[in-house]
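Working notes, structure below.
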Amino acid sequence: MTTKDVFTFYNGVTIPSIGFGTWQIPNEEAYEAVTMALKNGYTHIDTAHAYHNEENVGKAIRDFGIAREEVFVTSKLPAQIKDFDGAMQHFEETMSNLGLDYLDLYLIHAPWPWDEIGKDCTEGNIQVWKAMEQLYDEGRIRAIGVSNFSIKDLQAILDNCDIVPMANQIPFYIGRDQKGLLAFCQTHKIVVEAYSPLATGAILDSPEIKQMAEKYGVTPAQLSIRYCLEKDTLPLPKSTHEARIIENAQLDFTISPEDVAVLDAMKDVRAN
């Protein structure tokens, strides 16, 4: 699918270098979408309890017939859960929803509840992380990580817990390269996963991106997803259209350092 097939967490677990994201795909559409992704070579599927589609994501994986060890499955603990027992309970719910025996990657979905963005939940995150450490030590999860965590949020985990997060899934796209956070994660060997690599479609009409995509003979979407790989982040594109699902994984080209620098200098199209 790409020139770089996998990323490797510091514990040795490998994760396919492109994930199929399922955010905003309703449960009734998730079965067909995941089936199309698997059919077209994706072996990394990303979901979350909050997406309300774990049931059909899991059913598609089971029905497709792919060997369990050949597909990498990620899910996420709801952002509002900030206690040990709640984390354990919701993990069991996720596993029941998916119908799987183990999870490849489990993430804290956010450092704060979505309706209280920015709230200091440091102590809750520490308690939740201790639950995830226990599940990891028990072999229920092959890797554990976080999502939407800032440097401060990550540092609290590093200072108070035993296991360094293996992944941080953050919004990352042309115009929002999060240099400081990316550098911090790389220093601590935390793999950065890039969600919304197309800025939920907002960057696809950029004249600059269109012009550069033409130069490489690719689509704006392909250029944008490839950019994430050039920045050593793991993109999670999503679509319910098979042609785009196929296109999003056809990334066997490289962007020159000079052109990466041009893209680095672009402004965030979604910034106010």
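The values are calculated or read from the model by the stated rules, or taken from the named source; none is laboratory data. This is a predicted model, so every value here is computed, not measured. Don't worry about glycine lacking a Cβ; one is built from the backbone with ideal geometry, like all the others, and counts go over all protein chains shown. Note: areas computed on protein heavy atoms with side chains; ligands, DNA, RNA excluded. Shrake-Rupley method; radii C 1.70, N 1.55, O 1.52, S 1.80 Å.
Pairs meeting the criteria (first residue in region 213-229 and more than 13 Å from residue 260 (Cα to Cα), second residue open to solvent by 30 Å² or more (accessible area, probe 1.4 Å) and polar (S, T, N, Q), beta carbons under 7 Å, at least 6 apart or on different chains) are 222/250.
Table: residues versus (1) on the phi > 0 side of the Ramachandran plot; (2) touching a strand residue (DSSP E or B) at 6+ places or on another chain (Cβ under 9 Å); (3) among the aliphatic types (A, V, I, L, M).
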residue: 5; (1), (2), (3): no, yes, no
residue: 13; (1), (2), (3): no, yes, yes
residue: 17; (1), (2), (3): no, yes, no
residue: 24; (1), (2), (3): yes, no, no
residue: 28; (1), (2), (3): no, no, no
residue: 31; (1), (2), (3): no, no, no
residue: 35; (1), (2), (3): no, no, no
residue: 42; (1), (2), (3): no, yes, no
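Taking the listed residues 232, 252, 268, the one that is surrounded by fewer than 17 Cβ atoms within 10 Å (Cβ to Cβ), under 25 Å from residue 187 (Cβ atoms) and either touching a residue at least 60 places away in the same chain (Cβ under 8 Å) or among the hydroxyl-bearing types (Ser, Thr, Tyr) (or both) is 268, with no other qualifying.
All told, residue 137 meets the bar of being open to solvent by 30 Å² or more (accessible area, probe 1.4 Å) and of a type outside the set (Lys, Arg). Summed over region 11-47, the residues that are within 25 Å of residue 188 (Cα to Cα), in contact with a His (Cβ under 9 Å, 6 or more places away or on another chain) and assigned to a loop (DSSP other than H, G, I, E, B) give a count of 3. The number of residues in region 76-94 that are open to solvent by 10 Å² or more (accessible area, probe 1.4 Å), within 20 Å of the chain's Cα centre (by Cα) and in contact (Cβ under 8 Å) with a residue 40 or more places away in the chain comes to 2.
Checking each residue in region 202-219 for being within 15 Å of residue 175 (Cα to Cα), assigned to a helix (DSSP H, G or I) and either touching a strand residue (DSSP E or B) at 6+ places or on another chain (Cβ under 9 Å) or open to solvent by less than 30 Å² (accessible area, probe 1.4 Å) (or both) picks out 209, 212.
Of the residues that make up region 99-109, is at least one under 17 Å from the mean Cα position of the chain (by Cα), among the charged types (D, E, K, R) and modelled with pLDDT of 95 or more? The answer is yes, given that some residue of region 99-109 is under 17 Å from the mean Cα position of the chain (by Cα), among the charged types (D, E, K, R) and modelled with pLDDT of 95 or more. The set of residues in region 157-175 being in a helix (DSSP H, G or I) and open to solvent by 20 Å² or more (accessible area, probe 1.4 Å) consists of 158, 159, 160. Please count how many residues of region 111-156 are farther than 18 Å from residue 178 by Cβ, without any contact (Cβ under 8 Å) to a residue 24 or more places away in the chain and not in a helix (DSSP H, G or I). Total meeting the criteria: 3.
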